[in-house]
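Student: Just dropping this structure here.
The values are calculated or read from the model by the stated rules, or taken from the named source; none is laboratory data. Note that the structure is a prediction, hence the values are computed from the model and not measured. Neighbour counts run over all protein chains shown; Cβ positions are idealised from the backbone, glycine included. Each accessible area value is taken on the protein alone, full model and side chains, heavy atoms only, with ligands, DNA and RNA left out. Shrake-Rupley method; radii C 1.70, N 1.55, O 1.52, S 1.80 Å.
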Amino acid sequence: MTTADVSVRRRRAGLGRIAGWTYLGFVLLVTVFPFYWILRTALSNNKALATDPSSLLPVGFTVQAFRRVLGLASLAEAQAQGGNVAGFDIGIYMRNSIIYAVTSTVLVVLFSTLAAYAFSRLEWPGRNLVFSVLIVALMVPGIMTLLPNFVLVKNLGLVNTFAGLILPGAFFSAFNIFFLRQFFLGISREVEEAAIIDGAGRLRVMFRVIMPMAQGPIVTLLILGFIGAWNDYFWPLLVSTSGDEVRPLTLALAVFRQSAPGTATDWAGLMAAALIAALPMFLIFMVFGRRIVNSIGFSGVR
Amino acid sequence: MAVDVAPAHRARTAAVAQRTRRSTRRSVAAAHRGDAPLAWLLVAPALLGFLVFAAYPTLRGIYLSFTDFRVLGDAHWIGGANFARMMDDEVFWNSLRVTIYYVLLSAGGVIVLGLVTAVVLHRLTASTTIRSLVIIPFLVSNIVAGVIWTWMLDSQLGIANELFQAVGIPRIQFFTDPQWAVPSLAAVTIWKGLGYTTILLFVGLQALPHQVYEAARLDGASEVQMFFRITIPMLRPVLAMVVILTIINCFQIFDLVQVTTKGGPENSTNVLQNYIYSKAFGQFDFGYASALSLGLFLIMLVITFVQMRISRINESDSEGVA
């Protein structure tokens, strides 16, 4: 191989690298820029926004939009800012979202862990049959169960209650069970057998030996489940039909968006609300960022 | 090799080990004998949830699709009337066309761009920071994504149109022009889903043996050749899974439509889920809505089946070659 060959190849690789980095830079810009843009808009004066729509900095810098959304501004202040968020009480929606997301996620991960343990580490007649039946549920799309579930919840008188919101998803997740069972199957028999020979009962083995080893996957499912429940929209839309008692943030935000007709949209207020709605996700991301990225890869490849 | 140990000693050790193993197995088997009641107890909550909120509703949904159920009052069996009605329902066919158009644009975009991004990432850097940045849109709900992009794509004040104007492109009525509404939805979907797909594919790429690439490079293969001759064929199992996941997810689009266009303008974004929702909760026509969801379910089943078939054929192809 001559030196000319090598230098040509290196130059080509260099150009390729530049093209690659340019592409990545563009992707990152498009990915991240909207988040800067909602911050910029949320910090703008809603009435002044129209005067300079392309300004990279907030137009008429003010935190009034946040005060409005947090219910700290008086009606007169809100109107002066071009806001129409009378009655948007983000504290209640935030509370509802937290109750909904935390309760349903913790319950479903707990029950999935127990089931996955029985499916992987215990020996009982019917195990494989029951497991295959549960796994069929992975195939059924949400819409198939959504309407009948709504009828069921309605007949039980649970519309507009947390029970109605939480129960249908709190017991069973085919994905969770499948995911944890795979992990439990990978734990070597010897660990468990050693504990049994030492005289530990099954429950003790489960809680003291297996579950501590499964911390990683369990946290993964908690994070993914929390993100899913926090962002859920369709089921809350069906069940939380009136009033604010159980309405989560996603639904409130959509209602807020639609209550603002056409040209009079309170964009600054809407962006402030969207930012606050997404805030818990960003906090989780800052703490668990690497874990989330890894678990996505893990959950896909299995 | 190791120094030879006296055969007699070795036999004795083996015998002891075997005895220990046997007694261990016996005590473990004894421990397993009482498993059944505990197992049923542990499975009970999940099983209950499955029966009440998954199995029963699915069967009831299938039953309801053969009735004229309208929430108030009882369900009456009307046979295949709902399905006959579907065949003549112009709005249904429109919804199906819109959904397929949307799925092709969004799933196609997410997969192609995700693959390109994953490959570029894989060839350039293993930076977790970049991967973390790409995934951020995945964290926000479709509602927040919809709110952000209706603002950025607003016809009068949106930054996108300001940019277009600055470079001389005429303003686009993204969500209010029937021509542009579905592509705009697809663009938001791609923005939100790109990171997730990229990471799935990136992990798949990392699992490929790098010796193959080194060998190919020594043989003088270019990056483009390596991409089509090595990366794509070897990534096929992961790719097949990503394609199914993405298509099925895109078929279930609903919340983004609700917060951006609500199915308008002129039904141009009235995707199937949106149509089902409007039938069920706009007109309380639950029987027909159930029939529509059964239709959607069957479509998704067929896609999954065909896709699995295709990827399996490809697998056996490559086995034959190798």
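Student: Is it the case that some residue within the range B:55-75 is at positive phi and either among the aromatic types (Phe, Trp, Tyr) or modelled with pLDDT under 90 (or both)?
Tutor: Yes: the range B:55-75 contains one or more residues that are at positive phi and either among the aromatic types (Phe, Trp, Tyr) or modelled with pLDDT under 90 (or both).
Student: On to the next question. Taking B:Val306 and the conditions (1) more than 11 Å from every other protein chain (Cβ to nearest Cβ); (2) out of contact with any Ser or Thr (no Cβ under 6 Å at 6 or more places or on another chain); (3) not in a helix (DSSP H, G or I); (4) not hydroxyl-bearing (Ser, Thr, Tyr), which numbered condition does it fall short on, given that it satisfies the others?
Tutor: Of (1) more than 11 Å from every other protein chain (Cβ to nearest Cβ); (2) out of contact with any Ser or Thr (no Cβ under 6 Å at 6 or more places or on another chain); (3) not in a helix (DSSP H, G or I); (4) not hydroxyl-bearing (Ser, Thr, Tyr), only one is false for B:Val306: (3).
Student: What residue, among those in the range A:181-223 that are under 25 Å from the mean Cα position of the chain (by Cα) and either outside any helix (DSSP H, G or I) or among the charged types (D, E, K, R) (or both), is farthest from A:Ile143 (Cα to Cα)?
Tutor: Out of the qualifying residues, it is A:Ala214.
Student: Within the range A:197-223, track down each residue that is among the charged types (D, E, K, R) and either buried (at least 18 other Cβ atoms within 10 Å of the Cβ) or not assigned by TED's automatic domain parsing to the domain that holds A:Ile166 (or both).
Tutor: Once the filter is applied, which keeps residues that are among the charged types (D, E, K, R) and either buried (at least 18 other Cβ atoms within 10 Å of the Cβ) or not assigned by TED's automatic domain parsing to the domain that holds A:Ile166 (or both), the range A:197-223 yields only A:Arg202.
Student: Restricting to the range A:160-170, what's the tally of residues that are at the interface with chain B (Cβ under 8 Å from one of its Cβ atoms), touching a residue at least 40 places away in the same chain (Cβ under 8 Å) and of a type in the set (A, V, I, L, M)?
Tutor: 1
Student: If you don't mind, another one. Look through the range A:224-256, keep the residues that are surrounded by fewer than 19 Cβ atoms within 10 Å (Cβ to Cβ) and either among the charged types (D, E, K, R) or in a helix (DSSP H, G or I) (or both), and return whichever of them is farthest from the other protein chains (Cβ to nearest Cβ).
Tutor: Here the answer is A:Glu245.
Student: May I pose another question? Just the residues that are open to solvent by less than 50 Å² (accessible area, probe 1.4 Å) and either in a loop (DSSP other than H, G, I, E, B) or basic (Lys, Arg) (or both), please, taken from the range A:152-166.
Tutor: The answer is A:Leu158, A:Val159, A:Asn160, A:Thr161.
Student: I would also like to ask the following. If you take the residues of the range A:171-195 that are within 12 Å of chain B (Cβ to nearest Cβ) and small (Gly, Ala, Ser), which of them is most open to solvent (accessible area, probe 1.4 Å)?
Tutor: So, considering only residues that are within 12 Å of chain B (Cβ to nearest Cβ) and small (Gly, Ala, Ser), the one most open to solvent (accessible area, probe 1.4 Å) is A:Ala194.
Residues checked against (1) over 19 Å from A:Phe150 (Cα atoms); (2) open to solvent by 20 Å² or more (accessible area, probe 1.4 Å); (3) not in a helix (DSSP H, G or I):
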| site | (1), (2), (3) |
| --- | --- |
| B:Gly263 | yes, no, yes |
| B:Glu266 | yes, yes, yes |
| B:Gln273 | no, no, no |
| B:Tyr277 | no, yes, no |
| B:Phe297 | no, yes, no |
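Student: Moving to a separate point now. Out of A:Thr241, A:Thr220, which single residue is modelled with pLDDT under 90, farther than 27 Å from A:Asn128 by Cα and out of contact with any His (no Cβ under 8 Å at 6 or more places or on another chain)?
Tutor: A:Thr241
Student: Give me the residue from the range B:233-282 that is within 19 Å of B:Ala181 (Cβ to Cβ) and among the charged types (D, E, K, R) and, out of that set, modelled with the highest pLDDT.
Tutor: Restricting to residues being within 19 Å of B:Ala181 (Cβ to Cβ) and among the charged types (D, E, K, R), the top hit is B:Asp255.
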